[in-house]
Amino acid sequence: MNIALVGYGKMGKMVESVAQQRGHTVVARFDIDNNVDGAGLTAESLAGVDAAIEFSTPETAIINIRCLVALNVPTVVGTTGWLAHLDEVKQLVATHDAALVYGSNFSIGMNLFFKLAGEAAALFARYAEYDPFLLEAHHKFKKDAPSGTALSIAQQLRTSYGDRTPVASVIRAGHFPGTHEVGFDSEADTVTLTHTARNRTGFATGAVLAAELLQGKRGCFEFPELLFAE
């Protein structure tokens, strides 16, 4: 594929490396220097692009999404913190017969973790003596808190726990790539599930895979819908 990177910070550079390793070509890069308020995203600058992978900030993501969808560029959105606009985005995708995939976390391991957390919650919710809890830690530069991933985990727990679903305890310090822990605690014992990201490679690999899976499709998808479609 020919890929455009929208956002060229640490994640954008990692996505570029992974994309090239998987045989793709990065043909355009957009950041604060050439894409203020989406001005760089034009039909000319995106000519021949098979997919755009967007990792920017919560404030600029929705602007980029509107531009990319209007231009009918298949888009992977890795930025979190913009989901208040999700209904608008779904409508835009439908109006333009476009293709977009979003996710709170594009790590394949984390998407498997979501499934594990949901299954564990269904088991432990049968026993009132176990209280669920949710912890997450990220580097001090992360903009949103709790993380989009933590919100997705909470959604998995909510199916079983309803009003007892825990609010995530949040750490923003140092240089944690990302740690999420789901636990169930009783007077007798504690059971925990933990996902720890060692680096950004898993996120980048999942984002490039999402771009590959999006080819030839139309609609607005959450990443697990494509990842587990088989």
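The values are calculated or read from the model by the stated rules, or taken from the named source; none is laboratory data. Remember, predicted model here, so these are calculated numbers, not experimental data. Using ideal geometry, Cβ is built from the backbone for each residue, glycine included, and neighbour counts are taken over all protein chains shown. Side chains included, ligands, DNA and RNA excluded: accessible areas come from the protein's heavy atoms. Shrake-Rupley method; radii C 1.70, N 1.55, O 1.52, S 1.80 Å.
Per residue, the accessible area of the range 31-161 comes to 46 Å², computed with a 1.4 Å probe over protein heavy atoms only. Separation of the alpha carbons by more than 27 angstrom is noted, of K13/K142; K90/K140; K142/K217; K13/K143, for K90/K140; K142/K217.
Report, in degrees rounded to the nearest 10, the 0 to 90 angle that the Cα long axis of helix 10-21 makes with the longest principal axis of the chain. Helix 10-21 sits at roughly 70 degrees to that axis. Cα centroids of the range 29-108 and the range 202-230: 14 Å apart.
Any chance you could give the angle, 0 to 90 degrees and rounded to 10, that helix 108-124 forms with the longest Cα principal axis of the chain? The answer is roughly 30 degrees.
Near the amide H of A99, within less than 5 Å, lie the amide hydrogens of T75, G219, all on another chain or at least 5 residues away, with H placed in the peptide plane. Most simply put, the range 122-184 has about 60% antiparallel DSSP beta bridges, counting only bridges with both residues inside it. Report summary: the helix-based calculation at 222 nm, which adds -39500 (n - 2.57) for every DSSP H run with n ≥ 4 and divides by the residues of the chain, gives -11500 deg cm²/dmol.
The distance between label points at R198 and E212 comes to 2.0 nm (points 7 Å beyond Cα on the Cα→Cβ vector). Packing order of peptides 92-100, 144-152, highest average first: 144-152, 92-100 (average count of other Cβ atoms within 10 Å over each peptide's residues).
The chymotrypsin sites (Phe, Trp or Tyr not before Pro) of the range 140-230 that DSSP puts in a loop, and whose beta carbon has at most 15 other beta carbons within 10 Å, are F141, F228. Rounded to the nearest 10 degrees, the angle from helix 148-161 to the longest Cα principal axis of the chain is 40 degrees. The convex hull drawn around the Cα atoms of the range 24-134, when projected onto a plane and averaged over every direction, covers 9.2 nm².
DSSP beta bridges confined to the chain are antiparallel in about 40 percent of cases.
Compared with the alpha-carbon gap, the fully stretched path from N72 to E59 is longer by 2.5 nm at 0.36 nm per residue.
The convex hull of the Cα atoms of the range 129-208, projected and averaged over all directions, covers 6.1 nm².
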